[in-house]
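Engineer: Could you have a look at this structure, given as structure tokens, before my questions?
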Amino acid sequence: MKRPEGFLEWSIVIFKGLAWLSLIVQVAVGLIVLVVGGAPVPIGGVDIPARLVGLLNCVAGAVYFFMLLLVAKVIRVLLDIHRKVVGT
């Protein structure tokens, strides 16, 4: 019989993959913008230097990484609790 929580097992793998992908892409793009620079970016009516935007992109990549890993860990804990309650 197929386990009903198989989808959640795959979602853990997907969330971990997305976490690493977002970290790699955002830090790479942030470092490129940080090194190359560019024209100021208008955010909320204020011109923000492009290098600062690159640095903030690196920080956002780290935040997304930890948030997606946290989601994967929460799903893992909930699956472990489910297995102990059901007894499988």
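The values are calculated or read from the model by the stated rules, or taken from the named source; none is laboratory data. As the structure is a computational prediction, the values presented were derived from the model and not from experiment. Virtual Cβ from ideal backbone geometry, glycine too; neighbours counted across all protein chains shown.
Engineer: Only residues that are surrounded by fewer than 14 Cβ atoms within 10 Å (Cβ to Cβ) and among the aromatic types (Phe, Trp, Tyr): list them for the stretch 8-32, please.
Structural biologist: Trp10, Trp20
Engineer: Now for a separate question. Only residues in the stretch 69-83 that are in contact (Cβ under 8 Å) with a residue 24 or more places away in the chain count as the first member; pair them with residues that are assigned to a helix (DSSP H, G or I) and among the β-branched types (Val, Ile, Thr), Cβ under 6 angstrom, at least 6 apart or cross-chain, and list the lot.
Structural biologist: Ala72/Ile12; Ile75/Ile12; Arg76/Ile12
Engineer: Now for a separate question. Give Val53, Val13 a once-over and let me know the one that is assigned to a helix (DSSP H, G or I), under 30 Å from Val71 (Cα atoms) and touching a strand residue (DSSP E or B) at 6+ places or on another chain (Cβ under 7 Å).
Structural biologist: Val53 is the lone residue from the list that is assigned to a helix (DSSP H, G or I), under 30 Å from Val71 (Cα atoms) and touching a strand residue (DSSP E or B) at 6+ places or on another chain (Cβ under 7 Å).
Engineer: Let me ask something additional. Taking the stretch 54-88 as the search range and keeping residues that are surrounded by 12 or more Cβ atoms within 10 Å (Cβ to Cβ) and small (Gly, Ala, Ser), which one is modelled with the lowest pLDDT?
Structural biologist: That would be Gly54.
Engineer: Determine which member of the set Leu31, Leu52, Leu8 is touching a residue at least 60 places away in the same chain (Cβ under 8 Å) and of a type in the set (A, V, I, L, M).
Structural biologist: Details: Leu31 fails: touching a residue at least 60 places away in the same chain (Cβ under 8 Å); Leu52 fails: touching a residue at least 60 places away in the same chain (Cβ under 8 Å).
Of the residues listed, the single one that is touching a residue at least 60 places away in the same chain (Cβ under 8 Å) and of a type in the set (A, V, I, L, M) is Leu8.
Engineer: Still on this model: Every residue in the stretch 33-48 that is surrounded by 13 or more Cβ atoms within 10 Å (Cβ to Cβ) and assigned to a helix (DSSP H, G or I), please.
Structural biologist: If the condition is that a residue be surrounded by 13 or more Cβ atoms within 10 Å (Cβ to Cβ) and assigned to a helix (DSSP H, G or I), then Val33, Leu34 are the ones that fit.
Engineer: If you check Arg51 against the conditions, is it under 30 Å from Arg3 (Cβ atoms), among the basic types (Lys, Arg), more than 15 Å from the chain's Cα centre (by Cα) and surrounded by 13 or more Cβ atoms within 10 Å (Cβ to Cβ)? Give the derivation first.
Structural biologist: Numbers: under 30 Å from Arg3 (Cβ atoms): no; among the basic types (Lys, Arg): yes; more than 15 Å from the chain's Cα centre (by Cα): yes; surrounded by 13 or more Cβ atoms within 10 Å (Cβ to Cβ): yes.
Against the criterion (under 30 Å from Arg3 (Cβ atoms), among the basic types (Lys, Arg), more than 15 Å from the chain's Cα centre (by Cα) and surrounded by 13 or more Cβ atoms within 10 Å (Cβ to Cβ)), Arg51 does not qualify.
Engineer: Determine if the stretch 23-46 includes at least one residue that is at pLDDT below 95, touching a Lys or Arg at 6+ places or on another chain (Cβ under 7 Å) and not aliphatic (A, V, I, L, M).
Structural biologist: Yes, that holds for at least one residue.
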